[in-house]
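Peer 1: Below are the structure tokens for one structure; questions will follow.
The values are calculated or read from the model by the stated rules, or taken from the named source; none is laboratory data. Bear in mind the structure is a predicted one, so any value in this text is a computation, not a measurement. Cβ placement follows ideal geometry from the backbone for every residue including glycine, while neighbour counts extend to all protein chains displayed. Ligands, DNA and RNA are stripped out before the accessible areas are found, and what is left, the full protein with its side chains, is counted by its heavy atoms. Shrake-Rupley method; radii C 1.70, N 1.55, O 1.52, S 1.80 Å.
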Amino acid sequence: MFSLPEFTKVKVLDVHLLSQKNRPPGANPGVRLNVQADLPNYALAAFDPALRTALFTKTEAAGGSAKDKRQTLPGVEEISDLPHLTSMARHIKKVPWTEKLTGYTGEIDHGVGGKSNLPITDASLENWRFQAKQGGTVATWWSIEMVDVPKLVLAELAMLKSREVPLKLLEPEVRQQQLDDGEEQRQGAAPPASAPTAQKQGDGEGAWPFPNDPPGSTAAAPASRRKANTAKTAEEVFAEESKA
């Protein structure tokens, strides 16, 4: 997804106040910022990898102008591995892109920096337009729309019209956070209780077949053996009674 993880200079073209029809009294309005920035053309890959290769190429296409040649002088470091315009890009002024990105956060440094930066919360990005430029950059236009903007922030944003300011935009991390939380829950779960293991007989002939009863107990003995023990006991009792 598109993002500006580091402060990037953008120009605020316009500031629009937004208000819902059924906005309750005292609720904060929204705002839409129309901005423009020159970005390296690899930013196009965040929208579609084919978009970058459709507008830029590694070798200069036939029919390039003298202006194009001046912008790619030898010894000047290129900002992209695809610095030249394709033949199609020379015949297209601006490429519209209908995609809405939501859940963005960020901040605007309006001159003081630090804690005084203007926050961007739960913003949506849309109204994209791209214009390829010789040398590997792409002029990018888009709008940043926010709701429930506090009055103090709204007043500061209104002062940014026609100014260049450093902007940072971070893509939503909800999905990644959910995955991380699920992994932590799985790792913290207690292991299932294991079944009782069979005990070994003392003579080493194999595993004791009655794990819940120790070797030598009456409950663990086979039924035939218990019956034999009972019969023997009755015979002994009868013999004792006969002698008496």
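Peer 1: Give me the extension gain from Lys9 to Asp38: residue separation times 0.36 nm, minus the current Cα-Cα distance, reported in nm with one decimal. List each step's numbers first, then the result.
Peer 2: Details: separation 29, 0.36 × 29 = 10.44 nm, distance 0.85 nm.
Full-extension gain reported as 9.6 nm.
Peer 1: What distance in nm separates the two pseudo spin-label positions at Lys100 and Glu60, each 7 Å out from Cα along the beta-carbon direction?
Peer 2: 4.4
Peer 1: Would you mind checking which residues have amide H under 5 Å from His110's amide H? H placed 1.01 Å from N; only 5 or more apart, or other chain.
Peer 2: Here the answer is Leu118, since their amide H atoms fall under 5 Å of that of His110.
Peer 1: What accessible area per residue, rounded to a whole number of Å², is obtained for the stretch 79-161 using a probe radius of 1.4 Å? Numbers along the way, then the final one.
Peer 2: Values: 4280 Å² over 83 residues.
Per-residue accessible area for the stretch 79-161 comes out at 52 Å².
Peer 1: Evaluate E = 1/(1 + (r/R0)^6) for Met1 and Ala155, where r is the Cβ-Cβ distance and R0 equals 30 Å; express this FRET efficiency to the nearest 0.05.
Peer 2: Working: r = 31 Å, r/R0 = 1.02.
Rounded to the nearest 0.05, the efficiency is 0.45.
Peer 1: Here is a further query. Hey, what do the phi angles of the stretch 16-23 turn into as Karplus ³J(HN,Hα) couplings, whole Hz, using 6.51/-1.76/1.60 and θ = phi - 60°, x for Gly and Pro?
Peer 2: 10, 7, 10, 8, 6, 5, 9, 5
Peer 1: Return the loop-located trypsin sites (Lys or Arg not before Pro) in the stretch 75-131 (DSSP other than H, G, I, E, B) with at most 16 other Cβ atoms within 10 Å of their own Cβ; answer none if there are none. If you can, show how the numbers build up before the last one.
Peer 2: Values: sites: Arg90, Lys93, Lys94, Lys100, Lys115, Arg129; in loops: Lys93, Lys94, Lys100.
Here the sparse-neighbourhood loop sites are Lys93, Lys94, Lys100.
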